[in-house]
Amino acid sequence: MSREIKFKAWDHDNNKMIYWTLNDLLVRFGDPKYQFNVEDRPSPLFNWLEYTGLKDENGEEIYENDFVKLTIRGVKIESVFGRVKMIEGCWCIDDEKLEEPIELKRANYGMEVFR
């Protein structure tokens, strides 16, 4: 199963989030004939965050380092809050209050991204 490779980063100069697909990066930096404005070029100083390939219950894309709430439905309903991180090759929800990280793809229900 493949997923779309995308990234986001906060542009401090223009106070906005910018989004790039892998194709954007390949075209803009791999083709010497491609012309772009300096302001269109991603800065190496940006903290690039990768798209996990998953969306929350509201259809919002979930990116690395997003803060998410996971509602666990079982014997009792409880909520877990944490940041999305890549841990041992898997996207996980991690928080110091958890005994261990929760694998994001296994928890792909009842999730909500907070931005």
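Here are the numbers for this structure:
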read-out	value
Residue satisfying condition, being under 22 Å from Glu4 (Cα atoms) and either at pLDDT below 85 or among the charged types (D, E, K, R) (or both), within set Glu39, Glu103, Glu96	Glu103
Of all residues in the range 15-35 being loosely packed, with under 12 Cβ neighbours inside 10 Å and modelled with pLDDT of 80 or more, the one that is nearest to Tyr63 (Cα to Cα)	Lys16
Conditions (1) surrounded by fewer than 16 Cβ atoms within 10 Å (Cβ to Cβ); (2) modelled with pLDDT of 70 or more; number of the one not met by Val113	(1)
Subset of the range 57-93 [closer than 21 Å to Asn47 by Cβ and modelled with pLDDT under 80]	none
The range 11-26, residues that are touching a strand residue (DSSP E or B) at 6+ places or on another chain (Cβ under 6 Å) and within 14 Å of Arg115 (Cβ to Cβ)	Met17, Tyr19
Positions within the range 79-115 being part of a strand (DSSP E or B) and in contact (Cβ under 8 Å) with a residue 40 or more places away in the chain, in sequence order	Met111, Glu112, Val113, Phe114
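The values are calculated or read from the model by the stated rules, or taken from the named source; none is laboratory data. Predicted model, so just to flag it, every value in this text is computed and none were measured. Ideal geometry is used to build each Cβ from the backbone, glycine not excepted, and the neighbour counts take in all protein chains shown.
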